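Asker: Please read through the structure below; I'll follow up with questions.
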Amino acid sequence: MSQNLKSIFIDGEAGTTGLGIRDRLAAVPEVVVKSIAPEKRKDPAARKEMMAGVDLVVLCLPDDAAKESVALADELGAQAPKIVDASTAHRVAPDWTYGFAELEPGFAQKVANANRVSNPGCYPTGGIALLRPLVDAGLLPADHPITVNAVSGYSGGGKAMIEAYEAGTAPDFELYGLGLKHKHLPELQLYSRLERRPIFVPSVGNFRQGMLVSVPLHLGALPGKPKTADLHEALSSRYAGSSFVSVLPATADGKLEPQALNDTNKLELRVFGNDELGQAVLVARLDNLGKGASGAAVQNIRLMLGLPEA
(Lines give C-alpha, C1' and ligand atoms only; values in the text may rest on other atoms or scores of the structure.)
Protein backbone atom coordinates (compact mmCIF):
# COMPACT_ATOMS: atom_id res chain seq x y z
CA MET A 1 0.00 0.00 0.00
CA SER A 2 1.35 3.44 -0.91
CA GLN A 3 2.73 5.51 1.95
CA ASN A 4 1.10 8.57 0.37
CA LEU A 5 -2.48 7.35 0.75
CA LYS A 6 -4.75 9.59 2.79
CA SER A 7 -6.93 7.78 5.34
CA ILE A 8 -10.60 8.56 5.95
CA PHE A 9 -13.09 7.37 8.55
CA ILE A 10 -16.81 7.77 7.80
CA ASP A 11 -18.60 8.01 11.14
CA GLY A 12 -22.09 6.83 10.20
CA GLU A 13 -21.16 5.04 6.99
CA ALA A 14 -24.29 2.86 6.96
CA GLY A 15 -26.69 5.70 6.08
CA THR A 16 -27.63 6.99 2.62
CA THR A 17 -25.05 9.78 2.56
CA GLY A 18 -22.34 7.66 4.16
CA LEU A 19 -22.81 4.88 1.63
CA GLY A 20 -22.80 7.42 -1.19
CA ILE A 21 -19.54 8.94 0.01
CA ARG A 22 -17.96 5.52 0.42
CA ASP A 23 -18.97 4.53 -3.12
CA ARG A 24 -17.54 7.72 -4.58
CA LEU A 25 -14.30 7.41 -2.61
CA ALA A 26 -13.83 3.91 -4.00
CA ALA A 27 -12.97 5.63 -7.28
CA VAL A 28 -10.37 7.89 -5.65
CA PRO A 29 -7.01 6.05 -5.75
CA GLU A 30 -5.30 8.48 -3.37
CA VAL A 31 -7.44 7.54 -0.34
CA VAL A 32 -8.21 4.54 1.81
CA VAL A 33 -11.43 4.34 3.82
CA LYS A 34 -11.09 2.77 7.26
CA SER A 35 -14.10 1.20 8.96
CA ILE A 36 -14.86 0.47 12.56
CA ALA A 37 -16.27 -2.89 13.61
CA PRO A 38 -20.09 -2.79 13.51
CA GLU A 39 -20.38 -3.65 17.20
CA LYS A 40 -18.14 -0.68 18.08
CA ARG A 41 -19.82 1.98 15.95
CA LYS A 42 -21.35 3.57 19.05
CA ASP A 43 -18.33 3.02 21.29
CA PRO A 44 -16.79 6.46 22.02
CA ALA A 45 -13.37 5.03 22.87
CA ALA A 46 -13.20 3.00 19.66
CA ARG A 47 -14.34 5.95 17.55
CA LYS A 48 -11.85 8.26 19.21
CA GLU A 49 -9.05 5.77 18.57
CA MET A 50 -10.08 5.55 14.93
CA MET A 51 -10.13 9.35 14.63
CA ALA A 52 -6.60 9.58 15.99
CA GLY A 53 -5.32 7.35 13.21
CA VAL A 54 -6.81 9.00 10.13
CA ASP A 55 -6.32 12.20 8.16
CA LEU A 56 -9.98 13.10 7.85
CA VAL A 57 -13.32 12.12 9.37
CA VAL A 58 -16.67 12.46 7.62
CA LEU A 59 -19.68 12.74 9.92
CA CYS A 60 -22.88 11.23 8.50
CA LEU A 61 -24.86 11.37 11.71
CA PRO A 62 -27.87 13.08 13.31
CA ASP A 63 -27.02 16.54 14.63
CA ASP A 64 -26.58 15.61 18.29
CA ALA A 65 -24.40 12.61 17.44
CA ALA A 66 -22.31 14.79 15.10
CA LYS A 67 -21.68 17.24 17.95
CA GLU A 68 -20.62 14.35 20.17
CA SER A 69 -18.16 13.17 17.51
CA VAL A 70 -16.68 16.65 17.20
CA ALA A 71 -16.21 16.72 20.98
CA LEU A 72 -14.34 13.41 20.75
CA ALA A 73 -12.10 14.83 18.03
CA ASP A 74 -11.46 17.95 20.10
CA GLU A 75 -10.10 15.76 22.90
CA LEU A 76 -7.33 14.64 20.54
CA GLY A 77 -5.79 18.10 20.39
CA ALA A 78 -2.96 18.20 17.85
CA GLN A 79 -3.84 14.66 16.75
CA ALA A 80 -7.35 15.68 15.71
CA PRO A 81 -8.21 14.90 12.09
CA LYS A 82 -9.84 17.25 9.63
CA ILE A 83 -13.63 16.95 9.65
CA VAL A 84 -16.37 17.19 7.04
CA ASP A 85 -19.76 17.26 8.76
CA ALA A 86 -22.68 16.22 6.55
CA SER A 87 -25.25 16.96 9.27
CA THR A 88 -26.98 20.29 9.91
CA ALA A 89 -25.18 20.75 13.22
CA HIS A 90 -22.44 23.18 12.17
CA ARG A 91 -23.64 24.77 8.94
CA VAL A 92 -24.01 28.25 10.37
CA ALA A 93 -21.34 27.92 13.07
CA PRO A 94 -18.89 30.84 12.74
CA ASP A 95 -15.82 28.67 13.38
CA TRP A 96 -16.69 26.21 10.60
CA THR A 97 -16.18 26.73 6.86
CA TYR A 98 -19.26 26.24 4.71
CA GLY A 99 -18.48 23.56 2.14
CA PHE A 100 -19.89 25.15 -1.00
CA ALA A 101 -16.64 25.68 -2.89
CA GLU A 102 -18.34 27.89 -5.50
CA LEU A 103 -19.85 30.27 -2.91
CA GLU A 104 -17.70 33.17 -4.09
CA PRO A 105 -14.45 33.64 -6.03
CA GLY A 106 -11.55 32.07 -4.18
CA PHE A 107 -13.74 30.22 -1.73
CA ALA A 108 -12.46 26.80 -2.79
CA GLN A 109 -9.09 27.77 -1.31
CA LYS A 110 -10.78 28.60 1.97
CA VAL A 111 -12.27 25.11 2.00
CA ALA A 112 -8.87 23.65 1.14
CA ASN A 113 -7.28 25.45 4.10
CA ALA A 114 -10.00 24.51 6.59
CA ASN A 115 -9.89 21.84 9.28
CA ARG A 116 -13.63 21.88 9.93
CA VAL A 117 -16.03 21.99 6.97
CA SER A 118 -19.82 21.75 7.09
CA ASN A 119 -21.25 20.06 4.00
CA PRO A 120 -24.18 22.09 2.59
CA GLY A 121 -27.77 20.92 2.52
CA CYS A 122 -29.20 19.86 -0.83
CA TYR A 123 -31.90 22.52 -1.08
CA PRO A 124 -29.62 25.41 0.00
CA THR A 125 -27.00 24.37 -2.56
CA GLY A 126 -29.45 25.24 -5.35
CA GLY A 127 -30.94 28.27 -3.65
CA ILE A 128 -27.65 29.86 -2.64
CA ALA A 129 -26.12 29.22 -6.06
CA LEU A 130 -28.96 31.21 -7.64
CA LEU A 131 -29.35 34.00 -5.09
CA ARG A 132 -25.89 34.88 -3.80
CA PRO A 133 -24.48 36.13 -7.13
CA LEU A 134 -27.51 38.36 -7.68
CA VAL A 135 -27.27 39.85 -4.19
CA ASP A 136 -23.53 40.41 -4.60
CA ALA A 137 -24.11 42.07 -8.00
CA GLY A 138 -26.70 44.44 -6.55
CA LEU A 139 -29.47 43.08 -8.76
CA LEU A 140 -31.34 41.61 -5.81
CA PRO A 141 -31.65 43.66 -2.59
CA ALA A 142 -30.68 41.73 0.54
CA ASP A 143 -34.01 42.66 2.16
CA HIS A 144 -36.14 41.63 -0.85
CA PRO A 145 -38.97 39.17 -0.05
CA ILE A 146 -37.87 35.85 -1.52
CA THR A 147 -39.72 32.58 -1.99
CA VAL A 148 -37.83 29.38 -2.74
CA ASN A 149 -39.74 26.37 -4.06
CA ALA A 150 -38.17 22.95 -4.49
CA VAL A 151 -38.91 19.34 -5.28
CA SER A 152 -36.63 16.43 -4.41
CA GLY A 153 -36.53 12.73 -4.91
CA TYR A 154 -37.51 10.72 -1.84
CA SER A 155 -33.96 9.53 -1.08
CA GLY A 156 -33.29 12.80 0.73
CA GLY A 157 -36.02 12.18 3.28
CA GLY A 158 -34.38 9.59 5.47
CA LYS A 159 -34.98 5.93 6.18
CA ALA A 160 -38.71 6.11 6.95
CA MET A 161 -39.53 8.10 3.81
CA ILE A 162 -37.41 5.86 1.59
CA GLU A 163 -39.11 2.76 2.96
CA ALA A 164 -42.59 4.29 2.49
CA TYR A 165 -41.96 5.19 -1.15
CA GLU A 166 -40.31 1.91 -2.01
CA ALA A 167 -43.18 0.05 -0.37
CA GLY A 168 -45.68 2.04 -2.45
CA THR A 169 -47.43 3.48 0.62
CA ALA A 170 -46.33 7.10 0.21
CA PRO A 171 -48.17 9.67 -1.94
CA ASP A 172 -46.88 10.40 -5.44
CA PHE A 173 -46.23 14.01 -4.45
CA GLU A 174 -46.52 16.11 -1.33
CA LEU A 175 -45.55 19.46 0.09
CA TYR A 176 -43.95 19.43 3.50
CA GLY A 177 -42.20 21.80 5.90
CA LEU A 178 -45.27 24.01 5.86
CA GLY A 179 -44.56 25.13 9.40
CA LEU A 180 -41.97 27.33 7.63
CA LYS A 181 -39.17 26.20 9.94
CA HIS A 182 -37.31 23.76 7.70
CA LYS A 183 -33.82 23.03 9.07
CA HIS A 184 -32.17 24.26 5.86
CA LEU A 185 -33.50 27.81 6.22
CA PRO A 186 -30.71 29.24 8.42
CA GLU A 187 -27.94 28.36 5.94
CA LEU A 188 -30.09 29.36 2.95
CA GLN A 189 -30.57 32.83 4.41
CA LEU A 190 -27.05 33.32 5.78
CA TYR A 191 -25.04 32.29 2.73
CA SER A 192 -27.40 33.93 0.25
CA ARG A 193 -26.79 37.14 2.24
CA LEU A 194 -30.51 37.68 2.68
CA GLU A 195 -31.52 40.04 5.47
CA ARG A 196 -35.15 38.93 5.34
CA ARG A 197 -36.00 35.29 6.11
CA PRO A 198 -37.12 33.66 2.84
CA ILE A 199 -40.23 31.53 2.54
CA PHE A 200 -39.12 28.02 1.67
CA VAL A 201 -41.60 25.46 0.31
CA PRO A 202 -40.04 22.00 -0.19
CA SER A 203 -41.78 19.02 -1.73
CA VAL A 204 -41.05 15.39 -2.52
CA GLY A 205 -41.97 13.33 -5.56
CA ASN A 206 -42.17 9.63 -6.29
CA PHE A 207 -38.71 9.31 -7.82
CA ARG A 208 -35.57 8.25 -6.00
CA GLN A 209 -33.17 11.13 -6.63
CA GLY A 210 -32.87 14.43 -8.43
CA MET A 211 -33.88 17.95 -7.48
CA LEU A 212 -35.17 21.25 -8.82
CA VAL A 213 -34.94 24.47 -6.79
CA SER A 214 -36.77 27.51 -8.15
CA VAL A 215 -37.03 31.18 -7.20
CA PRO A 216 -39.76 33.34 -8.81
CA LEU A 217 -39.05 37.06 -9.21
CA HIS A 218 -41.03 40.14 -10.24
CA LEU A 219 -38.38 42.00 -12.21
CA GLY A 220 -40.27 45.28 -12.02
CA ALA A 221 -40.04 45.17 -8.22
CA LEU A 222 -36.23 45.03 -8.30
CA PRO A 223 -33.99 48.12 -8.42
CA GLY A 224 -33.17 49.07 -11.98
CA LYS A 225 -35.81 46.67 -13.27
CA PRO A 226 -33.28 44.16 -14.65
CA LYS A 227 -34.01 42.03 -17.67
CA THR A 228 -33.76 38.27 -17.92
CA ALA A 229 -30.43 38.64 -19.69
CA ASP A 230 -29.02 40.66 -16.78
CA LEU A 231 -29.75 37.86 -14.35
CA HIS A 232 -28.28 35.28 -16.72
CA GLU A 233 -25.14 37.35 -17.19
CA ALA A 234 -24.63 37.80 -13.44
CA LEU A 235 -24.83 34.05 -12.91
CA SER A 236 -22.66 33.28 -15.95
CA SER A 237 -19.95 35.69 -14.80
CA ARG A 238 -19.93 34.24 -11.30
CA TYR A 239 -19.46 30.62 -12.36
CA ALA A 240 -17.31 31.08 -15.47
CA GLY A 241 -14.68 28.34 -15.48
CA SER A 242 -16.37 26.26 -12.79
CA SER A 243 -15.94 22.51 -13.18
CA PHE A 244 -19.26 21.61 -11.57
CA VAL A 245 -21.61 24.61 -11.90
CA SER A 246 -22.99 25.50 -15.33
CA VAL A 247 -25.24 28.40 -16.33
CA LEU A 248 -27.32 27.31 -19.30
CA PRO A 249 -29.98 28.91 -21.51
CA ALA A 250 -33.62 28.35 -20.68
CA THR A 251 -35.05 25.25 -22.34
CA ALA A 252 -36.91 25.93 -25.58
CA ASP A 253 -40.09 24.22 -24.40
CA GLY A 254 -40.15 25.89 -20.97
CA LYS A 255 -39.90 22.53 -19.21
CA LEU A 256 -37.31 21.01 -16.88
CA GLU A 257 -37.24 17.59 -15.24
CA PRO A 258 -35.27 16.87 -12.05
CA GLN A 259 -33.33 13.67 -12.75
CA ALA A 260 -30.94 14.52 -15.60
CA LEU A 261 -27.93 15.07 -13.31
CA ASN A 262 -28.37 11.97 -11.17
CA ASP A 263 -25.12 10.29 -10.06
CA THR A 264 -23.05 13.39 -10.87
CA ASN A 265 -21.66 16.31 -8.88
CA LYS A 266 -23.03 18.79 -11.38
CA LEU A 267 -25.26 21.78 -10.75
CA GLU A 268 -27.12 23.51 -13.59
CA LEU A 269 -28.58 27.03 -13.31
CA ARG A 270 -31.08 28.61 -15.68
CA VAL A 271 -33.11 31.80 -15.90
CA PHE A 272 -36.57 31.45 -17.40
CA GLY A 273 -38.07 34.87 -18.02
CA ASN A 274 -40.60 37.00 -19.85
CA ASP A 275 -39.37 40.57 -20.09
CA GLU A 276 -42.68 41.76 -21.54
CA LEU A 277 -44.41 40.57 -18.39
CA GLY A 278 -41.52 41.57 -16.12
CA GLN A 279 -41.26 38.14 -14.52
CA ALA A 280 -38.57 35.49 -14.18
CA VAL A 281 -38.00 32.14 -12.51
CA LEU A 282 -34.50 31.08 -11.51
CA VAL A 283 -34.03 27.30 -11.53
CA ALA A 284 -31.27 25.07 -10.21
CA ARG A 285 -31.06 21.38 -11.08
CA LEU A 286 -28.87 18.93 -9.17
CA ASP A 287 -28.75 15.44 -7.73
CA ASN A 288 -29.80 15.68 -4.09
CA LEU A 289 -27.43 12.75 -3.42
CA GLY A 290 -24.64 14.24 -5.58
CA LYS A 291 -23.88 17.96 -5.43
CA GLY A 292 -26.54 18.02 -2.72
CA ALA A 293 -24.79 15.51 -0.45
CA SER A 294 -22.10 12.89 -1.13
CA GLY A 295 -20.76 14.48 -4.32
CA ALA A 296 -20.15 17.78 -2.55
CA ALA A 297 -18.61 15.94 0.41
CA VAL A 298 -16.08 14.20 -1.83
CA GLN A 299 -15.35 17.50 -3.60
CA ASN A 300 -14.61 19.03 -0.18
CA ILE A 301 -12.53 16.02 0.87
CA ARG A 302 -10.39 16.38 -2.24
CA LEU A 303 -9.83 20.06 -1.53
CA MET A 304 -9.00 19.52 2.16
CA LEU A 305 -6.56 16.69 1.45
CA GLY A 306 -4.88 18.46 -1.46
CA LEU A 307 -6.05 15.90 -4.01
CA PRO A 308 -6.66 16.72 -7.69
CA GLU A 309 -10.15 17.68 -8.76
CA ALA A 310 -12.19 14.83 -10.21
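The values are calculated or read from the model by the stated rules, or taken from the named source; none is laboratory data. All values derive from a computational prediction rather than experimental measurement. Don't worry about glycine lacking a Cβ; one is built from the backbone with ideal geometry, like all the others, and counts go over all protein chains shown. With ligands, DNA and RNA removed, areas are computed over all heavy atoms of the protein, side chains included. Shrake-Rupley method; radii C 1.70, N 1.55, O 1.52, S 1.80 Å.
Asker: Could you check how many residues of the range 269-294 are crowded, with 22+ Cβ neighbours inside 10 Å, assigned to a loop (DSSP other than H, G, I, E, B) and touching a Lys or Arg at 6+ places or on another chain (Cβ under 9 Å)?
Answerer: Residues flagged as crowded, with 22+ Cβ neighbours inside 10 Å, assigned to a loop (DSSP other than H, G, I, E, B) and touching a Lys or Arg at 6+ places or on another chain (Cβ under 9 Å) within the range 269-294 amount to 2.
Asker: Sticking with this one: Do we find that K227 is within 21 Å of A160 (Cα to Cα), basic (K, R) and in contact (Cβ under 8 Å) with a residue 12 or more places away in the chain in this structure?
Answerer: Judged against the criteria, K227 is not a match.
Asker: Only one of (1) free of Cβ contacts under 8 Å to residues at least 40 places away in the same chain; (2) farther than 20 Å from T16 by Cα is not met by P133, so which one is it?
Answerer: It is condition (1) that P133 fails.
Asker: I'd like the residue in the range 225-242 that is basic (K, R) and farther than 23 Å from N288 by Cα and, out of all such residues, is least open to solvent (accessible area, probe 1.4 Å).
Answerer: The qualifying residue least open to solvent (accessible area, probe 1.4 Å) is K227.
Asker: I'd like the residue in the range 104-123 that is over 27 Å from A73 (Cα atoms) and of a type outside the set (D, E, K, R) and, out of all such residues, is least open to solvent (accessible area, probe 1.4 Å).
Answerer: Pass one, the range 104-123, residues over 27 Å from A73 (Cα atoms): 104-106, 123.
Subsequent filtering for residues that are of a type outside the set (D, E, K, R) retains 105-106, 123.
On the way: P105: 109, G106: 61, Y123: 11 Å².
Within the range 104-123, the match that is least open to solvent (accessible area, probe 1.4 Å) is Y123.
Asker: Turning to a different aspect of this structure: Which of the residues that make up the range 163-185 are under 21 Å from W96 (Cα atoms) and either aromatic (F, W, Y) or not in a loop (DSSP other than H, G, I, E, B) (or both)?
Answerer: The one that is under 21 Å from W96 (Cα atoms) and either aromatic (F, W, Y) or not in a loop (DSSP other than H, G, I, E, B) (or both): L185.
Asker: Related question: Only one of L212, L222, L248 is closer than 15 Å to G126 by Cβ, hydrophobic (A, V, I, L, M, F, W, C) and buried (at least 16 other Cβ atoms within 10 Å of the Cβ); which?
Answerer: Result: L212 is the single residue among L212, L222, L248 that is closer than 15 Å to G126 by Cβ, hydrophobic (A, V, I, L, M, F, W, C) and buried (at least 16 other Cβ atoms within 10 Å of the Cβ).
Asker: Within the range 295-304, is there a residue that is in a loop (DSSP other than H, G, I, E, B), aliphatic (A, V, I, L, M) and either at negative phi or without any contact (Cβ under 8 Å) to a residue 12 or more places away in the chain (or both)? Lay out the reasoning, then the answer.
Answerer: Of the range 295-304, the ones in a loop (DSSP other than H, G, I, E, B) are none.
No, the range 295-304 has no match at all.
Asker: Separate question: Quick check on the range 72-82. Is at least one of its residues surrounded by 18 or more Cβ atoms within 10 Å (Cβ to Cβ) and polar (S, T, N, Q)?
Answerer: Checked the range 72-82: no residue is surrounded by 18 or more Cβ atoms within 10 Å (Cβ to Cβ) and polar (S, T, N, Q).
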